Amino acid sequence: MDETRPARGGLRSVRPGARVDRLEIFFDLVFVFAFYNIARVTAGELTGQGLVAGMLILALLWWAWCSHLMLANRIRLGEGIAPLVMFAAMAAVFTAALTIPQAFTDKPSGLPGPLLMAGCYLVVRGLHLLLYGLAPDDGRAGGPRLGRLAVPPLLATALLVGAGVVPYLGLSSNVVFALQVGCWLAALTVEYAAGYLLATWGWAVRAASHWVERFELILMIALGELIVSVGVGSDLIARPVTWPAVAGATFAVAVAAALWWSHFDLVAPAALQAFHATDEARSRAALARDAYVYLHQPMIAGLILTALGMEEALHHLGTAGVDLSTPAAAPTMPLAYGGAALFFVAQVGFQARMLGTVTVTRVAVVVVLVGLAPVAARSPALAGTALLAVVCVGLVLAEMVLLRKSRRRLREATMHERLTHEARESAWRQRRYH
């Protein structure tokens with residue numbers, strides 16, 4: 001098929017050198033609100049049930065986002081009817097984000113929240129499959145494959161509907177929640193297990209840089225949620241600015257900066273080079289699935305948990321006349337330290353899957369964070385926040401020294417690639433327009 005000509009609906013195929021389209025970034029904005037709402041709702045109910053519900057909702061919305069990305073790596077979402085379909089999908093995701101506070105409970109005098117969440121998920125997945133079915137046929141996709149792709153979201157939606165019906169059975173609240181969690185876990189198992197089979201069904205990554213860049217951008221959104229939570233927790237609109245709040249916010253920003261640096265300075269660019277170097281389609285698809293789809297989800301979960309902990313710590317420190325010798329209320333510090341540990345655990349797995357290596361410093365910092373969590377929980381809130389910043393920043397500084405040769409070689413290779421790409425693009429524009 002001539003890829004310069006549009007197919008049905010004016011759709012065009014993605015080619016290997018494609019980069020992220022502006023519409024894709026616009027689509028991600030609804031997930032900014034979704035992440036924010038997950039954090040806000042979970043912060044309002046910092047219980048075991050609240051945390052479980054928040055993480056289940058995150059896992060479901062994460063799969064909806066990943067299904068969108070698999071589509072975006074196949075067709076150009078800014079062409080033909082794709083923008084209109086994506087706007088409809090955005091409305092469904094936004095509605096799902098609005099429904100997050102009632103995803104497990106049905107409040108009176110309103111729409112049934114659990115059933116609305118299931119319906120929004122089906123709409124999002126259905127719209128993605130609609131565009132997938134209209135995508136230009138290049139010999140790698142067909143009707144039977146589309147049929148197989150439609151089965152998991154239908155089964156998952158049926159299970160989510162089952163979870164939405166459970167509250168009407170007249171059971172005790174604990175039994176209702178347990179049954180709902182079981183239905184949600186079953187739905188997620190169906191979707192994630194089907195995703196594991198995608199490589200064997202012929203799915204392939206068409207544009208490696210596009211794929212990686214989208215995951216890097218969504219990780220930046222999760223890091224942004226950490227920054228937002230610091231501001232929300234300080235609540236300086238209704239309170240006077242105090243030095244404990246400023247100090248706590250500074251430490252929290254240092255944590256966010258260190259988490260960013262730990263991923264984007266060394267690991268992410270090395271993974272991109274390894275991804276490009278993997279030529280065989282099934283092997284690349286397996287890397288995309290394992291390292292990006294599966295292992296980025298716990299990274300984002302870790303960032304949201306850290307954000308929750310930082311928000312509670314800043315809320316405590318921003319209180320006028322706060323006693324600096326008192327610890328923050330439970331489970332503030334276990335959330336902050338545990339979230340950071342989960343982020344680094346996922347990073348270790350990501351590095352091992354993409355590069356076949358494990359950095360000892362990353363393993364060590366996980367052990368340190370887990371060991372310090374109970375200590376920080378009993379320590380003054382400002383000391384606990386400062387200690388987390390010291391550990392995270394210390395990791396960055398240690399790796400800058402210990403891995404300086406590898407880092408220099410990687411940065412030189414990355415810069416050479418970037419300059420070469422810019423020179424070729426500039427030369428093409430000179431020939432085209434002059």
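Within region 25-83, restricting attention to residues that are over 30 Å from GLY202 (Cβ atoms) and of a type in the set (Ser, Thr, Tyr), the residue that is farthest from the chain's Cα centre (by Cα) is THR47. Candidates in region 312-328 are the residues that are out of contact with any Pro (no Cβ under 8 Å at 6 or more places or on another chain) and more than 9 Å from ALA381 (Cα to Cα); of these, the one that is surrounded by the fewest Cβ atoms within 10 Å (Cβ to Cβ) is GLY321. Taking interchain pairs and intrachain pairs at least six residues apart, which have beta carbon atoms under 9 angstrom, with the first residue in region 142-166 and under 11 Å from LEU129 (Cα atoms) and the second modelled with pLDDT of 90 or more and acidic (Asp, Glu)? From residues that are under 11 Å from LEU129 (Cα atoms), the pairs are PRO153/GLU191.
In the set (1) in contact with a Cys (Cβ under 9 Å, 6 or more places away or on another chain); (2) without any contact (Cβ under 8 Å) to a residue 60 or more places away in the chain, ALA340 fails one condition alone, (2). Residues that are among the aromatic types (Phe, Trp, Tyr) and at pLDDT below 95 number at least 2 in the following helices (runs of 4 or more DSSP H) confined to region 328-434: 404-433. Residues in region 163-174 that are among the small types (Gly, Ala, Ser) and either closer than 29 Å to ASP279 by Cα or not in a helix (DSSP H, G or I) (or both): GLY170, SER172.
The combined condition, being more than 15 Å from ASN73 (Cβ to Cβ), under 18 Å from the mean Cα position of the chain (by Cα) and surrounded by 20 or more Cβ atoms within 10 Å (Cβ to Cβ), is not fulfilled by VAL293. Return yes or no: is GLY44 surrounded by fewer than 17 Cβ atoms within 10 Å (Cβ to Cβ) and touching a Gly at 6+ places or on another chain (Cβ under 8 Å)? Yes; evaluated as a whole, the condition is true for this residue. Just one residue in the set ASP265, ASP235, ASP290 is on the phi > 0 side of the Ramachandran plot and in contact with a helix residue (DSSP H, G or I) (Cβ under 8 Å, 6 or more places away or on another chain); that residue is ASP235. Please determine whether any residue of region 71-84 is under 20 Å from LEU159 (Cβ atoms), part of a helix (DSSP H, G or I) and in contact with a helix residue (DSSP H, G or I) (Cβ under 6 Å, 6 or more places away or on another chain). Looking through region 71-84, none of the residues is under 20 Å from LEU159 (Cβ atoms), part of a helix (DSSP H, G or I) and in contact with a helix residue (DSSP H, G or I) (Cβ under 6 Å, 6 or more places away or on another chain).
Take VAL375 and tell me if it is touching a Gly at 6+ places or on another chain (Cβ under 9 Å) and open to solvent by 40 Å² or more (accessible area, probe 1.4 Å). The answer is yes for VAL375. Restricting attention to region 385-406 and to residues that are within 26 Å of the chain's Cα centre (by Cα) and of a type outside the set (A, V, I, L, M), the residue that is surrounded by the most Cβ atoms within 10 Å (Cβ to Cβ) turns out to be THR385.
Among the residues making up region 231-268, a single one is free of Cβ contacts under 8 Å to residues at least 40 places away in the same chain, β-branched (Val, Ile, Thr) and within 30 Å of LEU410 (Cα to Cα): VAL253. If the condition is being under 19 Å from TRP62 (Cα atoms) and among the β-branched types (Val, Ile, Thr), then region 170-186 contributes only VAL181. Of the set (1) open to solvent by 10 Å² or more (accessible area, probe 1.4 Å); (2) at pLDDT 95 or above, all apply to LEU58 but (1). Condition check: out of contact with any helix residue (DSSP H, G or I) (no Cβ under 7 Å at 6 or more places or on another chain), at pLDDT below 95 and either open to solvent by 10 Å² or more (accessible area, probe 1.4 Å) or not β-branched (Val, Ile, Thr) (or both). Does THR105 satisfy that? For THR105, the condition - out of contact with any helix residue (DSSP H, G or I) (no Cβ under 7 Å at 6 or more places or on another chain), at pLDDT below 95 and either open to solvent by 10 Å² or more (accessible area, probe 1.4 Å) or not β-branched (Val, Ile, Thr) (or both) - is not met. The one condition from (1) surrounded by fewer than 22 Cβ atoms within 10 Å (Cβ to Cβ); (2) within 16 Å of LEU219 (Cα to Cα); (3) among the polar types (S, T, N, Q) that GLN273 does not meet is (2).
The values are calculated or read from the model by the stated rules, or taken from the named source; none is laboratory data. Bear in mind the structure is a predicted one, so any value in this text is a computation, not a measurement. Reconstructed Cβ throughout: ideal geometry from the backbone, glycine too, with neighbour counts over all protein chains shown. We work out accessible area using only protein heavy atoms, side chains counted, and drop any ligands, DNA or RNA first. Shrake-Rupley method; radii C 1.70, N 1.55, O 1.52, S 1.80 Å.
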